[in-house]
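Novice: Once you've had a glance at the structure underneath, I'll fire off some questions.
Taken together, the values in this text are just the output of simple stated rules run on the coordinates, not laboratory data. Computed from a predicted structure; not experimentally measured. Note that we place each Cβ from the backbone using ideal geometry, even for glycine, and neighbour counts take in every protein chain shown.
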Amino acid sequence: MDFTSLIRTIPDYPKAGIQFRDITTLLKNANGFHAAINALAERYRGQGISKIVGIEARGFIFGAPLAYALQLGFVPIRKQGKLPGAAMGHDYDLEYGSDRIEIHHDAISKGEKVLIVDDLLATGGTAHAAVTLVQKMGGEVVECAFLIDLPDVGGKKRLEQAGIPVFALCEFEGD
């Protein structure tokens with residue numbers, strides 16, 4: 001399926017010069033959403049993955065149904081202060097400032113094989129922070145999976161240089 005045809009581009013959002021890739025048009029299309037989850041499930045079925053980790057918030061949209069389809073547990077990585085139990089976190093740099101993501105301290109066991117899922121890969125900062133958290137817990141990141149890759153922004157290259165394989169169902173040139 002051509003997933004790019006189901007994703008709306010909104011120019012100059014949230015600021016001038018940005019081409020925002022709006023996944024809500026894919027999500028509202030039952031066949032498109034079903035095909036996206038099925039394509040990911042087919043890729044990862046039988047690979048010995050223990051858990052799916054979804055990055056807040058849109059990683060939950062793809063990660064949770066993927067975990068369901070593969071009969072695996074789902075682990076959310078959230079923004080600071082959003083998890084109710086004891087959590088460990090990782091600070092990372094943004095274009096202007098920094099941020100922090102967190103995971104429950106007991107979410108990943110040593111040696112578990114983990115797939116990290118999010119909707120879009122741009123600079124790779126948040127995905128790299130998620131990889132770092134999983135690795136701190138002793139988990140092995142099998143791959144990072146995305147609906148969309150923006151290769152011109154460099155996130156895929158950043159993750160691959162850190163030894164993390166990357167997969168995306170589609171890509172858009174530009175930023």
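Novice: Amide H neighbours of Glu171 under 5 Å, at least 5 residues apart or on other chains, H built in the peptide plane: list them.
Specialist: Sorted by chain and number, the residues that satisfy this are Asp149.
Novice: If I stretch the segment between Phe20 and Lys110 completely, what's the gain in nm (0.36 nm per residue apart, minus their alpha carbon distance), one decimal?
Specialist: Details: separation 90, 0.36 × 90 = 32.40 nm, distance 3.75 nm.
Full extension from Phe20 to Lys110 adds 28.6 nm.
Novice: Amide H to amide H, which residues 5 or more places from Ile18 or on other chains are under 5 Å from it, using H placed in the peptide plane?
Specialist: Answer set, sorted by chain and number: Asp12, Tyr13.
Novice: Need one word for the stretch 1-85: rounded, prolate or oblate. Basis is the Cα gyration tensor (sqrt eigenvalues a ≥ b ≥ c); a/c below 1.5 gives rounded, then a/b vs b/c decides. Numbers along the way, then the final one.
Specialist: Values: a/c = 2.69, a/b = 1.26, b/c = 2.13.
Verdict is oblate for the stretch 1-85.
Novice: Which of the peptides 43-56, 98-111 is most tightly packed, and how do the rest follow, judged by the mean count of other Cβ atoms within 10 Å per residue? Mind dumping the intermediate values first?
Specialist: Numbers: 43-56: 17.8, 98-111: 15.6.
Packing order, densest peptide first, comes out as 43-56, 98-111.
Novice: Suppose R0 equals 35 Å. What FRET efficiency, 1/(1 + (r/R0)^6) with r the Cβ-Cβ distance, do Leu94 and Arg8 give to the nearest 0.05?
Specialist: On the way: r = 25 Å, r/R0 = 0.71.
About 0.90, to the nearest 0.05.
Novice: Between beta-carbons, use under 14 Å as the cut-off and find the net charge around Leu169, counting Lys and Arg +1, Asp and Glu -1. Can you show the working numbers first?
Specialist: Values: positive: Arg21, Arg43, Arg58, Lys156; negative: Asp2, Glu42, Asp118, Asp119, Glu143, Asp149, Glu171.
Summing Lys/Arg as +1 and Asp/Glu as -1 gives -3.
Novice: Here's another thing I want to ask about it. Sorted by packing (mean other beta-carbon atoms within 10 Å per residue), highest first, where do 142-152, 11-21 land? Please report the intermediate quantities before stating the final value.
Specialist: Working: 142-152: 20.9, 11-21: 11.1.
Highest mean packing first, the order is 142-152, 11-21.
Novice: Additional query: Counting C-alpha atoms alone, how compact is the chain: give Rg to one decimal and Dmax as a whole number, in angstrom.
Specialist: Looking at the chain, its Cα Rg and Dmax stand at 15.5, 44 Å.
Novice: Still on this structure: As a check on your grasp of the helix formula, calculate [θ] at 222 nm for the chain: sum -39500 (n - 2.57) over DSSP H runs of n ≥ 4, divide by the residue count, round to the nearest 500. All intermediate terms of the calculation are to be shown ahead of the outcome.
Specialist: On the way: 5 runs with 51 residues, N = 175.
Using -39500 (n - 2.57) per qualifying helix, the result is -8500 deg cm²/dmol.
Novice: Percent relative contact order of the chain, based on C-alpha pairs within less than 8 angstrom and at least six residues apart? Don't skip to the end; give the middle numbers.
Specialist: Values: 351 pairs, mean separation 31.6, N = 175.
Here the relative contact order equals 18 percent.
Novice: Calculate I(q)/I(0) for the stretch 123-175 by the Debye formula, one identical point scatterer on each C-alpha and no solvent, and give its log10 at q = 0.24, 0.32 Å⁻¹ to two decimals.
Specialist: For the stretch 123-175 at q = 0.24, 0.32 Å⁻¹, log10 I(q)/I(0) is -0.90, -1.35.
Novice: Quick one: which of 112-118, 73-79 comes out on top by average Cβ neighbours within 10 Å, and what's the full order, highest first? Intermediate results must be reported in sequence, preceding the final value.
Specialist: Values: 112-118: 24.4, 73-79: 19.6.
Answer by packing, highest mean first, reads 112-118, 73-79.
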